[in-house]
Each structure stands twice: as C-alpha cells, then as structure tokens.
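The values are calculated or read from the model by the stated rules, or taken from the named source; none is laboratory data. As the structure is a prediction and not an experimental result, all values here were calculated from the model. Note: ideal-geometry Cβ built from the backbone for every residue, glycine included; neighbour counts use all protein chains shown. To get the accessible areas, we keep the full protein, side chains included, count just its heavy atoms, and leave off ligands, DNA and RNA. Shrake-Rupley method; radii C 1.70, N 1.55, O 1.52, S 1.80 Å.
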Amino acid sequence: MNDQLNRRLAFLGVLIVGLFAALFARAWYLQVLNSEELADQAFSNHVEIVVTQPTRGRILDRHGVVLADNIRTGVVTVNQSRYAPGQVDYVLEELSELIDIPVEVLSSRLLDQQTHPLAAKVVATGLDEYGLLRVSEQSLPGVEAKWAMSRVYPQNEIGAHVIGYVGAMSQGQEDRLLKKDYLPSERVGKSGIEQIFEADLHGYPGRTELEVDSTGRVHRIVNQTNPKPGSDVYLTIDADLQAATESYLRQGLIAARKTVSEDSGFFYPSIGGAAVVMDLRNGDVLAMASHPTYDPNWLVGGITTLEYQSVFENPYAPGALNNRAVQGLYSPGSVFKLVTALAGLEARLISPRAAYYDVGYFKIPDKYGCTGRCTFYNADKAPLGVVDLSSAITRSSDAYFYKVAHDLYWIRGEEQWAIQDMAQLLGFGNQTGIQLPFEKSGRVGDGQIKEALFEANPDAYNPYGESVQWLPGDNINTGIGQGFVSVTPIQLANAYAAFANGGTLFSPNIVESVVSRTEAQFGSSVIDFEPRIQRLAEFPEGSGIVREGLHGVSSKSRRGTAWRAFEGYDAAGYAIAGKTGTAQAEGRNPVLQRKKEDSAVFVAWAPRHDPRYVVAVVMEEAGFGGEAAAPVARRIFEALRAYEQRWPDPQVAFIAPRPECPEIPEALRGYEAFTSYVPEGCPWGIQVPRANSPGDVDGDGIPDLEERDQ
Amino acid sequence: MNLPLRKELRSPLRYADYSLGAAAILLSAIGVGLNYSSTWRGLEFNGQDPLTYVKRQIIFVALGIAVMIAATFLDYRLYRDFANQAYLLVMLALVGVLFFGVERNGARAWYELPGLTFQIQPAEFAKVAVVIALAAFVANHDGHLRLVTLSNAYLMLAVPLGLIYLQPDLGTMLVFVAIGMGVLLVSGAQLKHIFVTSLLGVIVVVGMFNSDNLGGPALLRQTQEQRLTAFLDPGFDVQGASYNINQSQIAIGAGGISGQGWLQGTQTNLNLVPEQETDFIFTALGEEFGFIGVSVLLLLYAYMLARIWFITRASNDLFGTFACVGALSMFTFQIFQNVGMTMGIMPITGIPLPFLSHGGSSTVVAFGLVGLVINISARKHLT
C-alpha cells in the first residue's frame, strides 16, 4: 500500500514538473522568441498618433496682394454612407430648417463629385459660431458641424489659371501623399502654382503621439512635433494689371463676337484666348490671362455635377480649366515673320532695302518643277506693290516672306533650315520653363517632324496621300507661321522679348520667391527666382530694319496693320512696336460645325526705343490680328503705363526689396516666437508697401523734394 | 549534557518547515509590489490614492500570516475530528451566499459584511474545508477506496460543485475537481474506477457545453463558453472574447528577457489587460520583469510545491498525507491554470494566482493551507 502511495505520489510529482516545464516553455516562446513582434503590438496598442494639418501657405502677387488665403469657416458635413434609405431626406429637411438652405441645394451638394462617394460631403460653409451651435445642438445622425480651414481666393477669378486651385486628392495622389502624413480629407493643389508648389505650400504636418489607455483616455503626450506652416509664394504677377488684362481680353473677345467674318459671313465665335504681359528685361510675367476662366472658389467647397458641367464642360467655352497662355497651341501666323525675316538675314538671302514687287501672290517659278500647290496668295489676295523688308513687316506682305521661305528651301547645306534654327534660337519648339504645370512645347516643323506626323497618323494629317518629303510649299507655309508651326502665347511673348531686349532669351518667371513662415526662419526666402537666362542670341546684321518694320505696325502713315487699333493712342514715351498675325486654324469648329475662323494674334513691346514690357495676345477664332487682338493689347499697354506710374520702375528708382515689418498671419499672432521678428513699433499685419510712393522713390522716408533741398 | 529526548517529546517547532513559510511570505511580498504596479497609474489618474490596493493587500497578507501561524501551532490532527463540521458549515455558507450574497461580474459569490471594505468569498474557504474533509474521509478508510466509498467521495465533491455552479463560478469549480482528482489519484482507489468515473465526468462536461445543441437547456452561459474556447483561436473577435488572451500575451511578450522595469510596463499602466490586479496579475510581472522575473517566480512556486511534495512523502499520518496532497493539487492547479491562462495555453477562468492576486479570501486561504502543511511537517515524526 505504501508502495502504491509512493508510486502515485511520484507520478503526481512528475506531472507537476511537466506542467512547470510547459509554463517555462511558453514563457520562453513569448518573451524570448516572439518578444519583438509582441512589443510592437504593445506599442501600437497604447500609442495613438494624431496628425495636425499645417496651415497652407498663401499665394501673393508681387506687391503683397493676397491671391490665395485660408479662412476658418464653419462647415456642415453629411456622411450619407451611414443612412438607411430614406433617412437622408428627413435629416436634410431638419438641416434645411436649421441653416436656412433649401433641401434641393443640400441634396445637390451631396452629389459633389470632388470627394469620395462614401466620404462626408460638405453641404454648407461659411457658418458662424451660432450656426455651428444650432446644428450641433440637434445632433442629427451623420451630420457634423465644425470649424475647418478652407482655401479661399479673395480675388475670385483674378489669376485663376496661374494660381490654380485645390481639390480632393486623386487616387494616385492619395497613395503617394498619405505616406507623407497628409490627411485623407485634405485638399491638394490640382493646377497652377497650387500644384507646382504643393510641397512648399503644404508645410509639414504636426504629429502628436498620445499614450491612451483601454478606455481611450489620454495619459500623457509621448512625443509632439508642431506643424510647420507652408511657405508663402510671391508671384511676379501684379493683381491690378492681371485684373485689367483679363478684363480687356474678355471685352476684346466679346467685341469680336459682334463682328462678321468676311470668309464665312457669320459672326466670329471668338471662343477663347490668352494674353501675356512680360517684363522683357528680366523675364518676369506681370500678367497672364486665359479665357474662358472660372472662379477657383467654386472648386474648393465642392461643386455639383450640374455646376461642374455648366462651367467646365460647356462646349461654347471649352477648356475653362486650361491655361491657354502656356497650354494653348496656336499657329502664330504673320507674327512668325519675325523669325523668317531674321532667318533670311542670317542666311544673307535678304537685302533689307532691296525692293520686291508684291503682286498679291507668290508663284513657285517653273524651273523648280513645282508639285502640288504652287501659288501662294496674300491674306486677301491684295497686292501691296513695292515693299522692302521693313515695309513687308509693317504691312505684313505674305508674298515677300513666301519668297524668302521658298528661297531658303533651295539653299542646300545647313542654312536650308534657317527658319527652323532661328525659331529654335528664339525659344519656339521648346518649353519656356515657366513655373506652371502642363506647359506645351509647341513645334516648328521640319522634314523629320512632317514625316513623323504623316506616318503616325496619316488619316488626320495626310488624307490625300501627299508626299512625306519636306516640300518647298511646307517651307513657304512655315515662313508665315502656318502649316507645321504651333506655338504657345508665352513663347510668342518670350521670343519678342528676346528680340526687343537685344538677344537675351529668358525662362520667364511667374514666381518671385517662396518665403518661409516657419518659426525658425520666418520671413526669409526659401527660394528666390533670379532672372533665368536661357541663352544669349546674336541677331544678324540688318535686324535693325526688322525692328524698324515692327515699329511701323501702329503707324497710320506707314500703313501698319494695326494702325486702326492704335488710333488716338497716346504714344508719347510709350510707343509700341509689334506685329499682327491672322492665323488660319485647321479643322472644324465642333459646335458650329463649320470651318474654323482665323485666330487673331498680336505681339508688341513698349516703349519702342526703351523696351520694358512685351504683350502677347492670342484670340481664337476672333478675326484679324490688327482688328481683334491689337485693341486688346493697346488697352493692356495703357494699363501698363498706369502700372508703371503706380509702382515706379525698380530700375529707375531703387526699392528696398523686403518690407520692414513682416506680415504675421493672424493665426500666429501673439506667439512669443514670432515677436522677435517684428521690429519695435511695428503693428501686426500692416502691409508695408513693397514699392514706394511716387513722392519718395528711394524709400528712405524723406520726401524726394526735401532730399533735393539738402 | 542534554539527554537526547524521544522523538515524540521534542518540540514540533524543531521539525517545522520554515522555508515554506518564508517562500509564502516572499511570494506575497512580490504580490504586493505587483498590486502596486498594476493599479497605481489608474488610481492616480482618477485622483485617488495610488496605494489604495497595496494597503488593502498588506492587511490581507498580515491577516494571512497570522492565520498561517495559528494554523501551524494547533495540532493538525485535531482538524480531522472537526472535518465534517467544517465541511457542513462551509456548505451552509455556500447555500447562504446564493440568497444573501452580492453579485459581482454576474456571479453571486460574495458576502458583504457591514463595516468592511472588502467582501468574503465562501468558495475560497470551501477549498480548505474540502481538502480537510476529503483527506479525513480517505484516511478514515485507510486509503482503501472501493467503488462505493469512491462514490461517497465524489458526492462530497459534488455538493460544493453544484452550489458553486449555481453562483456560477466555473474556475473555482475546476479547482475542486483538481483537488478531488489529486487526492483520489494518490489514494488507494483503483485506477480503472478513477478512469471510468473521469470518462463519465468528461461526458457530463461535454454535455454541458452542447446541452443547448442537444435540445436541452443552455447550461453554460454564452460568455462562459466563448471565454473557455477563445484560447483555441485567439484571432477570433479580437475586441471580444479573446481580448484578454491577446492583451495579456502581448504584455508578457513585450517584457522580453529582462522586462521593462517596475512601473514601466505600458500594457499594465494603461489598464489594457483587464483584471490585472487579480486574475491577470501575472501579466504585470511578465511585462515589467521579463523572462527573468517569470523564471524567479516560477522557481519560487516550484520550490514551494517541492517542499509540500516532500512533506507529503515524509508524513507518517494518512490524514496529513492526503491533506498535503489536496493542498499540493490545489496550488499546482491554480498556478498552472492561472499562469497558463495569461500565456494563452489554458482557457480563461477566474482563478486567482495564490499569494499574488489581490484579494482577501484567496490570500488568507493560501496562507492557511501553507500553515496546515507546515503543521504537518512539524508533526511528521509523530504517530
């Protein structure tokens, strides 16, 4: 019996040893073998990361006028994915009574296209505290009333295409940006400066790591980094000039719609256009207009499908979102004769003063064995009589340049492509490098391009099976800016700027500087865009005659093509030099179902002998350059003169480059960290003019009249 | 010169196993430390005294030590005579708790006495009573249990099991099963009888689980069943039934080899492991002291169990032997079940870890049983 007891007791002992071995083994497995993984889980268990959205940087014009800002606004969102069918109607009815917005409007905003279908939709913005309280008090299901920072464009459509707009992230952006701590609800730059400078404008989000217990209560802050506000972007645009440019372009287009085309007998559709104002001494873009335009505020708060379609898919105002100044490709027309003239001079083919008898057309001489089209007519088959290089430009003789281009074709050797080379030299066929997205490079046709186009898409380019060889006719068309030439308005302005300033081809700047607003380097420039010189061109002997020809374009006595537009223009000290163009557009107008009307083009600089500004205007299907585009340019020049008086020229009168008192955004005022940046006696948020008043051009505070006395 | 006394006349204190008492006191000291680390943060956060639980536990431990000493001095053979009375008394208490007890966490298992900040759990005291009564019963039959007497022993177990089932408290029921199995296994009962009755027991248990499927009434609550089976598949319903298992394993694993340091464990501090000052107190040790701390604790327990095992062998008295076996079974089961539960190799049942878990009844009972074993060790040379 005792043996049996001892045996069973021993068995019990072995059992206990076995159980403890199991416990040790399990502890080893958890604490030694799997420790790392479980420690990670323990970390994510108790640490909650809160991402704080940084304040987006502003966009300002060159003188500090705010073009894009942030405001705190009360918003009401409705998350309809949480509703049972039918419940949404009840909620919207209640909401409609609370915030006094019709139910139809609310439900139409629920159909907003800009955000994810399942995300909460913003149905009302701009509420004050009381509005928010009224809504949150009711605690309607799925309805949230809260403060939100919202992008606002105080100048509305002024500079819309340059500034761009912000919107909900696209799928591709979401994958990329969420890794950079963007919040899913955040709006990101979708075009223009907002898009290009997204990284600078956005800033760095703040991260707070909170230690949270099982019931969600916060115990302590493990780690905290404050959000760094995004940098401000200062444009080279002047808001007033921009507004004037846009307004004149729009007025010009409307006026063109009231004129009848001689070709078709219909009114010009005059659907859109672009205008660029550039400082030709440093490549700063002062204004850039594109029509049709839009108000970027529409796209921030959310937009219904109907609204979107009516604005952005309107066939009568196509491509409202496109910035035609850098994205629009146009045949330059006669404006391109500058290139042909310079190419002819370069190839020593033109004797500038040699007389040429313009009979209204140019016929390829029989000895060249012409195939295809052999006779090329002037615009209205009008014979201009005797012209030389200067008057051929002034009066826009096509026949003269047909001959130049034709003769250039037959020069064998490197000068055969003189037109194309000169165009390249002036920046055509390449992106200018302006800080705007989706810039087109255009093209200057030569043998390779023609061949490539014809072979790639014979139906569109070569329906009649013409030769893929570069023919004399192709060169002739190119010589007057038709055929295989397409340019953007910014290229036109830039090329004329290079010619006017004596050969410096800039990469135009539309951004002056990016100025930090972070605590550490408040007010200092992160990026400064100095004038960027692409190349220095040397123009051939005789280019003075070309200049002379361009001078005459607004002259009645010299029968310039734009004289009528500049009749009564106060040319004193502000005379212009330029070139009109009337470009045949290819294809049919998709809405009107008839052949496209001519596009009006005008490029000019002023003052004539001390060139400072260049203006390029392109108007689609609006008629003659001298009749439609030149009046627009004239009014822009008049606005420019006023602009120069308002902001005396920095090269004439020195201006302190930075304001004395930095402007502190309202949200940051009162922070000790920022007070050190503000000199004593400097009021918060007061805008100190960047340039000085006319009475005190050097900006030292002493009126000039008194200074002279000293 | 001192004459050698006869063994019987020597003071029992000379033979008493003091190291067992020392081990128990050391364990309860660790317990007090862990009570603090698992409650201070939450109490402080709520603006209460962070020492609230520690103070109470120190009182329990002091009470337990007093009980242990008292249990040591009174000759244990006297207990044999009062075994039946004690058993009856406790059974009455278990019946009474069903009517007069207070309900906590869905179980009616506690007496609330006026003027006391803590409650009394009669089921804990029933463990001692059952150990003594069962040991007395087996000893009365000279360790020879035939089928009829075995059935009687089962009946002795069945009464408290049934009463606790009505509370209900599944974990404590299992402790009684463990005590019974241990004592009956070591006793002279024939293995085939034990085997057959165990099989019956298994069938009953399985029947309980599936009674609702078989058309009968649901005998186990949904939550009980889920918690019991969750350890088989911890991925299931993370925030629900298996939440405890996952969180306690994460806490223990996060401790690594050397632990995160006392009061530094995030799982423990932030109350991510439920019931961490009572049933899941082992997780606090695992997280803050790591594998080293776990090893020290388990070795301390192992030492204690080894001492009890040796005293069991050394005892000349059948009652003493079986009382020791009962205590051994109880401690072994509670330790293995509790620690195994926190590490995910046993199902979740509410069983305290002896000496460590916060609680008056369990601490006093554990000390009392250790006192009984020391008592037996002191008088093993007698009879």
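Some observations on this one:
- Compared with the dominant Cα axis of chain A, that is its longest principal axis, helix A:129-138 is turned about 50°.
- Between 0 and 90°, nearest 10: helix A:337-346 axis offset from chain A longest Cα axis: 70
- Qualifying lysines (Cα of each under 20 Å from Cα of A:LYS258; at least 8 residues distant if same chain): A:LYS595, A:LYS596
- The stretch B:1-106 pair-distance distribution - Cα-Cα, 10 Å bins, rounded %: 11, 22, 28, 24, 10, 4, 1
- For the pair B:LYS55 and B:ASP75 in one chain, pulling the backbone fully straight at 0.36 nm per residue adds 4.0 nm over the alpha carbon distance.
- Relative pair counts by distance (%), Cα atoms of the stretch A:516-605, 10 Å bins: 13, 23, 20, 21, 15, 7, 0
- Above-threshold pairs, the threshold being 25 Å between Cα atoms, out of A:LYS337/A:LYS556; A:LYS121/A:LYS440; A:LYS381/A:LYS579; A:LYS190/A:LYS440: A:LYS121/A:LYS440
- Accessible area buried at the A-B interface, both sides summed, 1.4 Å probe (Å², nearest 100): 3900
- Non-local lysine pairs in chain B, meaning eight or more places apart or on different chains, with alpha-carbon distances under 29 Å, amount to 4.
- Computed FRET value (nearest 0.05) for A:GLN448 with A:THR52, which takes r as the C-beta separation and R₀ as 51 Å: 0.40
- With a simple spin-label model that places each label point 7 Å from the Cα along the Cα-to-Cβ direction, the separation between B:ASP142 and A:LEU329 comes to 11.4 nm.
- Size descriptor, Kirkwood hydrodynamic radius, that averages inverse alpha-carbon separations across chain B, Å: 21.8
- Counting only residues at least eight positions apart within a chain, or on another chain, the aspartates and glutamates with an alpha carbon under 17 Å from that of A:LYS367 are A:ASP407.
- Label separation (A:VAL468 vs A:GLU144): 5.9 nm, computed from points 7 Å beyond Cα along the C-beta direction.
- Accessible area ranking (1.4 Å probe, heavy atoms, ligands and nucleic acids excluded), largest first, for B:ILE132, A:ILE576: B:ILE132, A:ILE576.
- Each principal axis of the Cα atoms in the stretch A:333-536 has its own extent, and those three values, largest first, are 76, 43, 33 angstrom.
- Taking Cα atoms only, the orientation of helix A:35-46 departs from the longest principal axis of chain A by about 80 degrees.
- For chain B, hydrophobic long helices are taken as DSSP H runs at least 20 Å long by C-alpha position along their axis with mean Kyte-Doolittle hydropathy of 1.0 or more; these are B:52-73, B:77-100, B:122-140, B:147-166, B:170-186, B:191-210, B:281-314, B:318-342, B:360-378.
- Counting only aspartates and glutamates at least 8 places from A:LYS180 when in the same chain, those with an alpha carbon closer than 13 Å to its own are A:GLU198.
- Protection-proxy order for peptides A:497-504, A:137-144, B:277-284, B:196-203, each taking the mean of Cβ atoms within 10 Å per residue, highest first: B:277-284, A:497-504, A:137-144, B:196-203
- Chain A: equivalent-ellipsoid semi-axes (sqrt of 5 x gyration tensor eigenvalues, Cα, Å): 62, 33, 27
- Counting Cβ atoms of other protein chains within 10 Å of each residue's Cβ and taking the mean over peptide B:290-300 gives 3.
- Normalising the Debye intensity of the stretch A:1-81 to I(0), with uniform scatterers on Cα atoms only, and taking log10 at q = 0.12, 0.18, 0.19 Å⁻¹ returns -0.76, -0.96, -0.99.
- Cα-Cα P(r), the stretch A:67-154, percent of pairs per 10 Å interval: 17, 51, 27, 4, 0
- Annotation: amide H of A:ASN70 within the under-5 Å range of A:VAL152, sequence separation 5 or more or interchain, hydrogens built in the peptide plane.
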